[in-house]
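Working notes, structure below.
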Amino acid sequence: MQAVAVLSQASIGIDGIMTITAAESIPLRTTRANYIQRDQQLAVLLLLPAATAIFVVMILPLGFALYASLYDYSLGQEDNMRFVFLDNYVRFFADPVALRSLLNTVVFTVLSLALCLSMGLGIAVLLKSIEPKIANILRAIFAMPVLISPIIVGLIWRYMYDPTYGLVYYLLGLVGLENFGGLTSSATALICIVITDVWHATPFIILVASAGLTVIPEELYEAARIDGASPFRMFYKITIPLMAKVLTVLILIRGTDAFRIFDLVYGLTGGGPANATTSLSVYAYKEAFENNQMGFAMAVSVITLLCLIILFGPFMRNSAQDAGGA
């Protein structure tokens, strides 16, 4: 109606039009500002439930963990909490078992992440090159381990690693490796857990990588074949660069999940033998519920969080920058 009013006065002359336009522009801008303000208020209302849930479920527990890590207390004796400031953190770096658990966690994360990414991406590329119907069937078969709970996976593989009846030792015996230490040796127990974790987590990498490969134009591969590029060269020059964002997300998801490993270790070895497979999560659990050192266990949890930020913070920043650039 306002625009019609301006046009209806056009016959008055140039001065009249200018006067009406100036007069009508003020309500238009005011209305637009009101709409923007209402949209912002609606956005705040829609975000408020999620923000409240995040605050209650994440921020408050994190704040309590930081607070409790500065005290020495036992479960059920919170009234007798003794303030020790940073003694729990100093105790962590002075404890050989704690440092061993940190080393085990880092080694496990690096090995598991490297194997999962290389195998998962390689299998996804191979599945893309075969008949689609067969590839879909194979993807469904490969995805089955993801459906199994990690603690159940630990129980299954513990029987597979059994020296007397286990399938792993039967297969190793066929090639003369029946003396393999398995879960009972401190030299091989962590490797066995890595193998189990790779079996359980690689299907997730396959599914996500297969979805990422679908957005790469087939014309790029056709042009590379015409130029005489080998499959390995196409993989490193086309697939890897165009899958960079997907790989960053996979590193974040899989890396943080591996660093927080608890279920498989607890189900397979419980942290043994001789703390050879104790992770930071298992170590914190034992200190909290076996040794009843809740303040120290909170400090271990905070250290675990700091390690995650140090290791994967750069990937989070790059992922956020890529999302913002997109």
Label ALA143 and ALA43 with points 7 Å out from Cα along Cα→Cβ: what is the distance between them in nm? 3.5
Just the number, please: Stokes-Einstein D of segment 164-211 in µm²/s, Kirkwood Rh from C-alpha pairs, 37 °C, 0.692 mPa s. 265
From the Cα centre of segment 296-314 to that of segment 102-174, the distance in Å is 27
Can you tell which of ASN34, ASN179, ASN88 shows the greatest fluctuation in a Gaussian network model of the chain with Cα springs below 10 Å? ASN34
Which residues qualify? For TYR71, with a placed amide H closer than 5 Å and at least 5 residues away or on another chain, they are VAL84
I need the phi-derived Karplus couplings for segment 47-53: 6.51 cos²θ - 1.76 cosθ + 1.60, θ = phi - 60°, integer Hz, Gly and Pro marked x. 7, 4, x, 5, 5, 5, 4
Would you look at the GNM of the chain, springs on alpha carbons closer than 10 Å, and say which of ILE141, ILE310, ILE54 moves the most? ILE54
Positive-pole candidate from ILE251, GLY76, THR164, dipole of the chain, charges at beta carbon: ILE251
Would you mind giving the average projected area, over all directions, of the Cα convex hull of the chain in nm² with one decimal? 30.3
Could you tally the net charge around ASP95, taking each other residue with its Cβ under 14 Å from the Cβ of ASP95, Lys/Arg +1 and Asp/Glu -1? +1
Taking neighbour Cβ counts within 10 Å as the exposure measure, how do ARG254, ARG139 sort from fewest upward? ARG139, ARG254
Have a look at SER129, SER210, SER279 and tell me which one the Gaussian network model of the chain (Cα, springs below 10 Å) gives the largest fluctuation. SER129
Hey, if you put +1 on the Cβ of every Lys and Arg and -1 on every Asp and Glu Cβ in segment 97-325, which of LEU117, VAL194, PHE235 ends up farthest toward the positive end of that dipole? PHE235
To the nearest 500 deg cm²/dmol, what mean residue ellipticity at 222 nm is calculated for the chain from DSSP H runs of n ≥ 4 alone, each contributing -39,500 (n - 2.57), summed and divided by the residues? -23000 deg cm²/dmol
Net +/- balance of residues flanking ARG233 in space, Cβ distance below 13 Å, scoring K and R +1, D and E -1: +1
Please state the relative contact order of the chain as a whole percent: Cα pairs under 8 Å, 6+ residues apart? 26
Can you check what the Kirkwood hydrodynamic radius comes to for segment 45-107, Cα pairs only, in Å to one decimal? 14.4
Name all residues of segment 123-140 having a backbone nitrogen under 14 Å from the label point set 7 Å from the Cα of SER230 along its Cα→Cβ direction, giving them as ranges. none
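Values quoted throughout were computed directly from the atomic coordinates according to the rules given, and no laboratory measurement underlies them. Note that the structure is a prediction, hence the values are computed from the model and not measured. Positions of Cβ are generated from backbone atoms using ideal geometry, with glycine treated the same way; all protein chains shown enter the neighbour counts.
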